[in-house]
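This report concerns only the one structure given below.
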Amino acid sequence: MTTASIAGVTLTTKANVYFDGKCVSHSYQLADGTKQSVGVVLPATLTFGTAAAEIMECVAGSCEYKLDGSDEWKKSGPGEKFSVPANSKFDIRVTESYHYICHYA
């Protein structure tokens with residue numbers, strides 16, 4: 001099921017802008033202290049680095065992703081998630097806007 005809204009959050013209003021605006025997100029914190037971000041990746045092929053482990057949840061659009069150390073591109077669409085280990089990288093390929101929620105571990 002795709003997440004449509006998030007209740008009870010503290011939102012950081014200043015956007016996180018990466019890759020010359022090809023990725024824009026907003027960070028927020030849930031009442032229990034859990035940190036997440038919600039954003040969009042515009043058509044591009046990008047490489048992200050992680051500090052904490054992440055779960056990427058697709059809420060609209062789609063992407064292909066490749067985890068660090070793998071040669072296999074996998075697809076993720078609405079309602080699907082993929083996990084990225086801490087202290088690693090992943091490549092993401094987007095041909096239509098990819099809207100996501102990033103869940104930090």
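Odds and ends about this structure:
- Top-ranked residue of region 50-75 - restricted to ones that are part of a loop (DSSP other than H, G, I, E, B) and touching a strand residue (DSSP E or B) at 6+ places or on another chain (Cβ under 6 Å), ranked as most open to solvent (accessible area, probe 1.4 Å): D68
- Of all residues in region 76-105, exactly one satisfies the criterion of being hydroxyl-bearing (S, T, Y), in a loop (DSSP other than H, G, I, E, B) and farther than 17 Å from G61 by Cβ, namely S88.
- Test: residue in region 64-71 that is under 20 Å from P85 (Cβ atoms), aromatic (F, W, Y) and touching a residue at least 40 places away in the same chain (Cβ under 8 Å): no
- K35 fulfils the conditions (1) without any contact (Cβ under 8 Å) to a residue 60 or more places away in the chain; (2) open to solvent by 40 Å² or more (accessible area, probe 1.4 Å) except for a single criterion, (1).
The values are calculated or read from the model by the stated rules, or taken from the named source; none is laboratory data. In this text the structure is predicted, and so the values were computed from the model without any measurement. Heads up, the Cβs are rebuilt from the backbone with ideal geometry, glycines too, and the neighbour counts pull from every protein chain shown. Only protein heavy atoms, including side chains, enter the accessible area calculation; ligands, DNA and RNA are left aside. Shrake-Rupley method; radii C 1.70, N 1.55, O 1.52, S 1.80 Å.
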